1. Identify the single condition in (1) closer than 17 Å to I430 by Cα; (2) under 25 Å from the mean Cα position of the chain (by Cα); (3) part of a strand (DSSP E or B) that R301 does not satisfy, given that it satisfies every other one.
2. Quick check on my filter: what residues within segment 208-239 are open to solvent by 20 Å² or more (accessible area, probe 1.4 Å) and of a type in the set (S, T, N, Q)?
3. Quick one: is S126 over 20 Å from G230 (Cβ atoms), open to solvent by 30 Å² or more (accessible area, probe 1.4 Å) and either of a type in the set (G, A, S) or in contact with a His (Cβ under 6 Å, 6 or more places away or on another chain) (or both)?
4. Given (1) surrounded by 15 or more Cβ atoms within 10 Å (Cβ to Cβ); (2) modelled with pLDDT under 90, identify the lone condition not met by R375.
5. For the list (1) touching a helix residue (DSSP H, G or I) at 6+ places or on another chain (Cβ under 6 Å); (2) open to solvent by 60 Å² or more (accessible area, probe 1.4 Å); (3) polar (S, T, N, Q); (4) in contact (Cβ under 8 Å) with a residue 40 or more places away in the chain, I need the number of the one condition that T100 fails.
6. Quick test of your reading of the structure: Q406 fulfils all but one of (1) open to solvent by 80 Å² or more (accessible area, probe 1.4 Å); (2) of a type outside the set (K, R); (3) without any contact (Cβ under 8 Å) to a residue 40 or more places away in the chain. Name the failing condition by number.
7. What single numbered condition from (1) open to solvent by 20 Å² or more (accessible area, probe 1.4 Å); (2) in contact (Cβ under 8 Å) with a residue 12 or more places away in the chain; (3) under 28 Å from the mean Cα position of the chain (by Cα) fails to hold for E415?
8. Among the residues that make up segment 239-255, is at least one of them free of Cβ contacts under 8 Å to residues at least 60 places away in the same chain and within 19 Å of S134 (Cα to Cα)?
Amino acid sequence: MTQYFQPEIETMPREQLRELQLANLKASMKNAYDNVEFYRGSFADAGVGLDDLETLEDLAKFPFITKQDMRDAYPFGLFARKNEDVARIHASSGTTGQATIVGHTATDLKNWGNCFARGIAMVGGSDASTIQVSYGYGLFTGGLGAHAGGEAIGCTVIPTSSGNTKRQIQMMKDLGTDILACTPSYALLIADTAIEMGYDPASEFKISAVICGAEPASENMRQEIADKLGVQYCDVYGLSEIMGPGVAMECAERGGLHIAEDQFYCEIVDPETLEVLPDGQWGELVITTLTRECTPLIRYRTRDVTRIVSEPCACGRTHRKIDRLRGRTDDMLIIRGVNVFPSQIEQVITEFPEIATQYQIILTNDGVLDRVELRVETVPEFPIDEVRKLEDLKSRLASELKSNLQIAVNIKLVEPKSIERSEGKAKRIIDNRN
């Protein structure tokens, strides 16, 4: 039996859902226009106004907003509410530029919790569940977003945050955690560490599901996590600028992530022409918030590459889905003229049983040419000191990369545990170019 958190919304007939989206969109546009100077200026520059929005498709007439626009508006230039109405502020890390500041009213936070709670229900969670939140807490939205979802559905919430992995495992076992929320790389570290401690988490722990997000994971990595922990794997999508985790969640059918379409309107655009693409075609995801009060975003360019999956889902939810992310338009690697996303390299790596799912892509340059080194760990049982076997593995991996992705990279196989582990997001790309 399929479990829902908000069945009246999650299974709403499509036509009724579109009517709700249009009503919410008009209200969100008015909130943005009336209360944020940026939108009055950008709409005027594009020659559009609120009266130009009569259908959902009319949204394509309106201009985009980008992360750079948010940086330029730092700190409060995009706030539609005064400080007395702002309940919480989150921010991006700011590691690649000025941090982006996002404010939430109490209503915004309630909606956020409800969105994540839908994902908890998708993995069988309820008020009888115990969820261990091992995302980082703080300005990063992961920890508090999952926490709010757990409280919204009535779970017992264990706010472990990230780090201190052995203690996390002990609490997971002793407190009967049945849902874990964290990044995929940390879920795998928890699983491997538990096994090293002598546990068989798949049989000895009560855990039945993991909700993972904040970084990409290949299908093989997802399956490895599911097998080692003995769980249902749920992918969660979100970004701090839009809300945080819970924008879209994966049901047990594993055919994509259901968008919270009562809260967000999604478009796919061609990243070059910026024209809206039909459902099913791959392109850049653009999101418009439909209910957010404090920081409404109209046509935010996420830079994430995916597609809309509009076919009915066997789970009964009527909200459309986005496919698993293929990468980003701004972390795409161009190797000898070939466009490659790190997630595509990871998928090839995980096809080799001799190789662990820990890897790094090291970028350097020699004059005008970029050089790429793929550093990957072997599994503990692989005889890395046997030159013939080592060279054979490197040759086979290089051949697969060439065959699947049409790229040639310098491969360096390293011993197990030699690549630094992360208790949050894994650092996959090391850019040492001048």
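1. (1)
2. S208, N220, Q223, Q232
3. no
4. (2)
5. (2)
6. (3) is the only condition that Q406 fails.
7. (3)
8. No, segment 239-255 contains no residue that is free of Cβ contacts under 8 Å to residues at least 60 places away in the same chain and within 19 Å of S134 (Cα to Cα).
The values are calculated or read from the model by the stated rules, or taken from the named source; none is laboratory data. No experiment lies behind these values; they were computed from the predicted model shown. Neighbour counts run over all protein chains shown; Cβ positions are idealised from the backbone, glycine included. All accessible areas refer to the heavy atoms of the entire protein, side chains included, with ligands and DNA or RNA removed. Shrake-Rupley method; radii C 1.70, N 1.55, O 1.52, S 1.80 Å.
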